[in-house]
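Everything on this sheet refers to the single structure shown next.
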Amino acid sequence: MSGKLSTRERLSIPRQRIPEQPPEARASNFAEVNLGFTEQLALLEAQRCLQCKDPKCVRGCPVGVNIPRFLQLLTEGKVAEAAQSLLCDNALPAVTGRVCPQETQCEAECVRAAKGEPVAIGYLERYVADWARTHAERLPIEKAPPTGKRIAIVGSGPSGLTAAGELARRGHEVTIYEALHKPGGVLVYGIPEFRLPKKIVEQEVERLRRLGVRIECNVVIGRTWTLPELRARFDAVYIANGAGLPLFLNIPGENLKGVYSANEYLTRVNLMAAWQFPRNDTPVLHGQRVAVIGGGNVALDAVRTARRLGAQEAMIVYRRTKAEMPARAEEIHHAEDEGVRFHFLTAPVEILGNEKRWVTGLKCIRMEPGAPDETGRARPVPVPGSEFVLPCDIVVVAIGTRANPLLTSTCPELKLNRWGNIVVDENGMTSLPGVFAGGDIVRGAATVILAMGDGKRAAQAIDAWLRGELKPAEAQTPAPTG
Amino acid sequence: MHAVLARRQLNPDVTRLDVEAPRIAQIRQPGQFVIVRRAETSERIPLTIADADPVRGSIALVIQAVGKSTRELVALQPGEAILDIAGPLGRPTELIPSGHAVCVGGGVGTAVVHPIAQGLHARGVRVTSIIGGRSREWVIFEEELRRLGAVIVCTDDGSYGRKGFVTVALGDVLAGGGVDAVYAVGPVPMMRAVAALTRPLGVRTIVSLNPIMIDGTGMCGGCRVSVGGEMKFACVDGPEFDGHRVDYDELQDRLATYRQYELEALRCAETQCRLGPHLTNLPAAEGAHSAAKPAEPAVVP
Ligand SMILES: Cc1cc2nc3c(=O)[nH]c(=O)nc-3n(C[C@H](O)[C@H](O)[C@H](O)COP(=O)(O)OP(=O)(O)OC[C@H]3O[C@@H](n4cnc5c(N)ncnc54)[C@H](O)[C@@H]3O)c2cc1C
Ligand SMILES: Cc1cc2nc3c(=O)[nH]c(=O)nc-3n(C[C@H](O)[C@H](O)[C@H](O)COP(=O)(O)OP(=O)(O)OC[C@H]3O[C@@H](n4cnc5c(N)ncnc54)[C@H](O)[C@@H]3O)c2cc1C
Ligand code: SF4
Ligand code: SF4
Ligand code: FES
């Protein structure tokens with residue numbers, strides 16, 4: 001294999017398909033849907049990259065992964081070097097390779113997308129990252145000598161984990177405090193096994209522990225320790241506690257038995273392994289007809305979970321059209337293959353129940369696209385008199401999350417915006433000197449890679465702060481991205 | 001890991017475990033609870049911090065064995081350990097600054113009311129406790145509460161103290177006047193009955209709600225309750241609320257969500273069955289029986 005293919009030769013290679021479990025089989029198991037590229041497929045796909053002088057794909061990636069470099073190393077058969085290069089830009093590539101919305105980021109910008117299909121950057125990132133996970137011994141961890149500085153990180157989601165790794169490598173002593181009993185944040189409690197095997201997150205966490213990062217689970221900051229107490233005990237603090245406050249619809253019937261927030265439904269199934277009840281003690285209701293309200297990744301994770309728990313009919317109820325769904329294209333496609341039904345331009349107005357207060361149906365109303373709203377998308381408007389009932393026994397509400405006030409409410413000096421998100425300056429520093437924040441708690445519900453990017457930037461800023469090279473600036477209100 | 005330091009059976013159903021949790025023992029306040037996960041496959045369940053010894057670094061959990069998780073917890077012996085304890089969670093009790101408070105405890109709720117009575121007593125509030133049980137052997141925490149003020153014991157069969165429900169005794173105390181607040185913890189029907197007594201008198205009443213919880217951090221919304229028509233998350237907004245404004249029917253109904261599953265879990269534990277994930281054998285949501293029958297496509301106009 002060589003990097004010496006001509007552009008014409010490269011252009012003649014079609015985009016390789018990633019092997020996946022057949023839909024009939026996977027709709028009833030929790031194993032990962034995508035099986036990953038073989039070495040042969042990976043090399044072929046990597047050769048499709050034209051090694052652009054001005055690689056647009058890199059600009060599409062929120063953390064600027066040097067895509068042509070790791071692909072070039074891969075085609076040269078230098079997979080260890082490719083992995084080193086990738087890991088240098090992105091601390092959790094085995095995760096992002098699986099969950100990034102590539103079609104709107106790196107792959108959207110790839111020049112090959114203009115005439116045909118983009119290079120499968122996500123699948124290749126995943127391939128190289130999986131090699132790295134299984135060959136940890138070939139990737140030495142470099143660590144600076146101890147600085148004696150101590151940093152506390154609140155939350156062990158992608159943002160906290162990235163910051164921890166970055167800071168530990170610089171020789172700082174890092175302690176992560178996590179409210180739940182397992183580290184990983186949304187990666188363990190939200191995103192299901194069939195999309196992101198939990199073993200991957202465990203391996204990443206293990207790698208951090210080997211770097212010397214301490215992780216204390218079952219510690220709720222704002223309760224077990226307050227922020228001012230942490231600030232007093234540590235030289236700096238990074239807050240990455242996510243956006244874990246579920247929104248409900250405020251429609252009648254939301255407290256009937258059989259109504260879940262997506263967070264609860266997914267936490268029961270993922271974190272508490274309720275799909276293995278009664279081997280695991282935590283139960284989850286098994287519905288025959290499950291209606292999931294929403295159109296994002298969270299809604300799709302919930303509806304595909306319902307299918308795997310045995311629902312004959314698993315439905316998405318979304319008030320806009322398919323083209324406007326914020327979910328990753330691949331998940332929509334996978335859900336369709338698995339037999340999920342979609343009700344577009346449909347909004348719920350009431351959850352119906354029987355005399356024993358169990359859910360029996362979802363009363364909906366048809367919508368039609370109206371004038372554009374502040375997001376530029378057509379605002380859905382109800383069609384008068386178009387109400388109808390979708391019979392169902394479980395309703396999962398997946399319409400979004402907000403900043404959880406548990407921590408911020410115990411520290412009034414921390415400046416928040418009107419949605420309750422923490423306000424930071426361009427270095428990620430909050431209104432409290434030495435206290436930084438990033439990820440969903442700053443941006444509102446966003447993406448894994450943006451949360452990681454914040455973690456990395458904050459780590460650099462914290463490092464500078466600890467060396468006295470950074471002064472607190474006036475905290476600015478960032479535009480909300482959620 | 002949190003070692004069990006001591007274990008004492010308080011009545012046939014209720015056991016007190018003193019477990020190691022130094023940080024929580026130092027800072028816990030009345031009304032707060034912990035979330036406990038006994039072992040890797042266990043549920044996360046909420047338990048009130050009934051007492052604490054900051055010097056020894058231990059907290060007391062008083063547990064009523066009702067289902068699989070609580071039965072497994074009370075079976076723990078000194079030397080064994082609990083895998084995870086998170087806390088202290090929930091808002092501390094709003095203690096009245098002075099005056100006379102009545103603390104009403106029913107069943108295991110008596111242990112939950114104990115730290116509240118402790119807190120009130122510590123700030124000089126006069127405390128009267130009214131505690132109840134089926135019969136003499138079921139009464140718990142009498143001695144501890146006697147240290148904090150007057151105690152009226154009620155038993156259903158009259159085998160000890162007054163005969164009848166705690167609400168009868170409470171009625172008499174209220175009739176005497178001069179009660180500034182009532183704190184009530186126990187089964188939902190008891191808290192409802194207490195609130196019904198105090199509402200017409202306008203006596204401030206605080207109840208501690210026990211909805212099903214998972215994370216205890218406000219992340220899942222599973223613990224939602226209706227208070228004054230508003231949705232509240234008991235783990236972060238509570239667990240204590242204005243007893244006059246709680247929708248008790250809804251709370252009691254939601255507590256029954258997993259009844260079939262709870263029975264299945266117990267049956268499996270008792271028969272030692274090693275069932276794999278036989279999803280098809282599991283009870284479905286009950287609504288399914290009515291909703292699944294019309295398996296025809298959705299009714300679309
Ligand atoms: C179901 C679901 C699917 C998703 N799918 C995708 C996807 O496919 N692609 C994508 O890019 N993004 C996806 N997202 C969004 C993405 O997961 C989040 O943007 C990202 O996880 C945010 O990272 P974070 O580190 O800021 O916070 P989180 O991942 O939320 O982690 C925060 C952590 O902090 C802990 N914590 C909270 N409060 C405290 C406290 N007071 N004390 C101590 N610890 C605390 C929490 O328990 C949690 O572990 C999805 C989200 C969900 C819910
Ligand atoms: C804030 C709070 C404080 C509590 N303090 C105490 C205490 O000090 N002592 C005590 O004995 N009990 C206490 N409880 C109740 C205790 O958590 C439940 O009895 C226990 O979870 C039952 O678990 P199980 O598996 O043994 O029973 P199951 O068979 O699972 O259920 C029995 C009953 O417990 C309820 N329950 C089940 N799972 C949960 C859960 N995860 N959270 C809450 N309730 C649940 C069910 O509605 C059912 O009615 C408290 C509950 C709350 C919310
Ligand atoms: S991190 Fe995400 S956006 Fe960046 S290259 Fe990888 S898959 Fe693409
Ligand atoms: S834009 Fe596409 S072809 Fe060009 S370097 Fe990036 S991945 Fe390769
Ligand atoms: S237990 Fe999850 S929000 Fe209260």
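What follows is calculated from the coordinates using simple rules that are stated; it is not laboratory data. All figures in this text were calculated on a predicted structure; none of them were measured in a lab. Counting neighbours? That spans all protein chains shown, and the Cβs are built from the backbone with ideal geometry, glycine included.
May I ask for the net charge around B:H2, where only other residues with Cβ less than 9 Å from the Cβ of B:H2 are counted and Lys, Arg are +1 while Asp, Glu are -1? Don't jump to the answer; show the numbers that get you there.
Values: positive: none; negative: B:E20, B:D84.
Net charge in that neighbourhood comes out at -2.
Averaged over all directions, how much area does the convex hull of the C-alpha atoms of the stretch A:313-385 cover when projected, in nm²?
So the Cα hull casts an average projection of 6.3 nm².
Collect residues whose amide H, placed 1.01 Å from N in the peptide plane, falls under 5 Å from the amide H of A:A327; neighbours closer than 5 in sequence don't count.
Residues meeting the criterion, in which the H sits 1.01 Å from N, are A:N297.
Is there a quick way to get the dipole size of the stretch A:248-399? I mean about its Cα centre, with the Cβ of Lys and Arg at +1 and of Asp and Glu at -1; what is the value in debye to the nearest 20?
In total the dipole reaches around 200 debye.
Put +1 on the Cβ of every Lys and Arg and -1 on every Asp and Glu Cβ in the stretch B:100-252; which of B:G133, B:I206, B:A117 then has its Cα farthest towards the positive end of the dipole?
Among B:G133, B:I206, B:A117, the one farthest towards the positive end of the dipole of the stretch B:100-252 is B:A117.
Which values, in whole Å and largest first, are the semi-axes of the equivalent ellipsoid of the protein assembly as shown obtained as the square root of 5 times each eigenvalue of the Cα gyration tensor? Don't jump to the answer; show the numbers that get you there.
On the way: eigenvalues 470, 198, 116 Å².
Three semi-axes, in Å: 48, 31, 24.
Could you state the angle between the C-alpha long axis of helix B:188-198 and the longest principal axis of the C-alpha atoms of chain B, as a value from 0 to 90 degrees rounded to the nearest 10?
40 degrees
Could you point to the residue in A:P405, B:P239, A:V389 farthest towards the positive end of the protein assembly as shown's charge dipole, with +1 and -1 charges on the Cβ of Lys/Arg and Asp/Glu respectively?
The Cα lying farthest towards the positive end belongs to A:P405.
Taking other Cβ within 10 Å of each residue's Cβ, how do A:F388, A:F436, B:F141 sort, fewest first?
Ranking A:F388, A:F436, B:F141 by Cβ neighbours within 10 Å, fewest first, gives A:F388, B:F141, A:F436.
Run the numbers on the stretch B:49-185 and let me know its relative contact order in percent, using alpha-carbon pairs under 8 Å that are six or more apart. Before the final figure, lay out each step's value.
Working: 228 pairs, mean separation 30.1, N = 137.
It comes to 22 percent, rounded to a whole number.
Taking Cα atoms, how many degrees apart are the long axis of helix B:109-122 and the longest axis of chain B, rounded to 10 and kept between 0 and 90?
40 degrees
Quick check: net charge around A:A94, other residues with Cβ under 15 Å of its Cβ, Lys/Arg +1 and Asp/Glu -1?
Net charge around A:A94: -1.
Between the stretch B:203-237 and the stretch A:370-421, what is the C-alpha centre distance in whole Å?
If you average the Cα positions of each part, the centres end up 21 Å apart.
When the dipole is taken about the Cα centre of the stretch A:185-282, and only Lys, Arg (+1) and Asp, Glu (-1) are charged at their Cβ, what size is it in debye, to the nearest 20?
220 debye
Can you give me the orientation-averaged projected area of the convex hull built on the Cα atoms of the stretch B:32-172, in nm²?
One quarter of the hull surface, i.e. the mean projection, equals 9.5 nm².
What are the ³J(HN,Hα) values, in whole Hz, obtained from phi via the Karplus relation 6.51 cos²θ - 1.76 cosθ + 1.60 with θ = phi - 60°, for each residue of the stretch A:188-196 in sequence order, with x given for Gly and Pro?
Karplus values, whole Hz, x for Gly and Pro: 9, 8, x, 6, x, 3, 6, 10, 9.
With the alpha-carbon atoms as the only input, what is the per residue convex hull volume for the stretch B:100-252 in Å³? The partial results should precede the final answer.
Details: hull volume 16.7 nm³, N = 153.
Here the figure is 109 Å³ per residue.
Can you compute the charge dipole magnitude of the protein assembly as shown about its Cα centre, using +1 on each Lys and Arg Cβ and -1 on each Asp and Glu Cβ, nothing else charged? Give it in debye, rounded to the nearest 20.
Its charge dipole is roughly 740 debye.
Please turn the phi angles of the stretch B:245-250 into ³J(HN,Hα) values with the Karplus equation 6.51 cos²θ - 1.76 cosθ + 1.60 (θ = phi - 60°), one per residue in order, whole Hz, x for glycine and proline.
Here the 3J(HN,Hα) series is 10, 7, 8, 5, 4, 5 Hz.
If I take R0 = 25 Å and measure r between the Cβ atoms of A:I13 and A:R138 in this structure, what FRET efficiency does the formula 1/(1 + (r/R0)^6) give, to the nearest 0.05?
0.35
Anything over 31 Å Cα to Cα? Flag those among A:K4/A:K115; A:K53/A:K199; A:K115/A:K456, in the order listed.
Violating the 31 Å Cα-Cα cut-off are A:K53/A:K199; A:K115/A:K456.
Based on the alpha-carbon gyration tensor of the stretch A:2-138, what equivalent-ellipsoid semi-axes (square roots of 5 times the eigenvalues) come out, in whole Å, largest first? Don't jump to the answer; show the numbers that get you there.
On the way: eigenvalues 99, 65, 47 Å².
Ellipsoid semi-axes (Å, largest first): 22, 18, 15.
To the nearest 10 degrees, how steep is helix B:166-175 against the longest Cα principal axis of chain B, on a 0 to 90 scale?
Helix B:166-175 sits at roughly 40 degrees to that axis.
Net charge near B:G107: determine it from the other residues with C-beta under 12 Å of the C-beta of B:G107, scoring Lys and Arg +1 and Asp and Glu -1.
-1
Can you give me the orientation-averaged projected area of the convex hull built on the Cα atoms of chain B, in nm²?
18.9 nm²
Each label point is 7 Å from the Cα along the Cα-to-Cβ direction; what then is the distance between the points at A:C52 and A:F248, in nm?
4.8 nm
Taking 1 over the mean of 1/r across every pair of different Cα atoms in the stretch B:1-94, what Kirkwood radius in Å do you get?
Final number for the Kirkwood radius of the stretch B:1-94 is 13.0 Å.
Can you grab the distance from the C-alpha centre of the stretch A:321-357 to the C-alpha centre of the stretch A:27-71, Å, no decimals?
Centre-to-centre distance over Cα atoms comes out at 30 Å.
Would you pull out the residues with amide H under 5 Å of A:L352's amide H, same chain only if 5 or more places away, H placed 1.01 Å from N?
Amide H neighbours of A:L352, under 5 Å, 5+ apart: A:T360, A:G361, A:L362, A:K363.
Tell me the mean residue ellipticity at 222 nm calculated for chain A from its helices only (DSSP H runs of n ≥ 4, each -39500 (n - 2.57), averaged over every residue, nearest 500).
Values: 19 runs with 159 residues, N = 482.
After summing the helix terms and dividing by the residues of chain A, the value is -9000 deg cm²/dmol.
Using the charge dipole of chain A (Lys, Arg: +1 at Cβ; Asp, Glu: -1 at Cβ; taken about the Cα centre), state which of A:Q84, A:A327, A:L41 has its Cα farthest towards the positive end.
Looking along the dipole axis, the top candidate is A:Q84.
Full extension from B:E137 to B:A75: what is 0.36 nm times the residue separation minus their Cα-Cα distance, to one decimal in nm?
20.3 nm
Could you go through the stretch B:130-145 in sequence order and give the Karplus-derived ³J(HN,Hα) for each residue, using 6.51 cos²θ - 1.76 cosθ + 1.60 with θ = phi - 60°, rounded to whole Hz, and x for Gly and Pro?
Whole-Hz 3J(HN,Hα) from phi for the stretch B:130-145: 10, 10, x, x, 4, 8, 3, 5, 8, 6, 10, 6, 5, 4, 4, 6.
Within the stretch A:110-198, which GluC sites (Glu not before Pro) sit in a loop by DSSP and count at most 11 neighbouring Cβ atoms inside 10 Å?
Sites meeting the loop and neighbour criteria: A:E142.
Using the beta-carbon distance between B:D172 and A:V381 and R0 = 56 Å, what value does 1/(1 + (r/R0)^6) give for FRET efficiency, to the nearest 0.05?
0.35
Need one number: nm distance between label points at A:K415 and B:T271, each 7 Å from Cα along Cα→Cβ, rounded to one decimal.
Result for the modelled spin labels: 6.4 nm.
Across the Cα atoms of the stretch A:348-482, what radius of gyration and what greatest pairwise Cα-Cα distance (Dmax) are found, in Å?
When restricted to the Cα atoms of the stretch A:348-482, Rg and Dmax are 21.4, 66 Å.
Quick one: what does P(r) look like for the stretch A:266-354 with 10 Å bins over all Cα pairs, in whole %?
17, 46, 30, 7, 0
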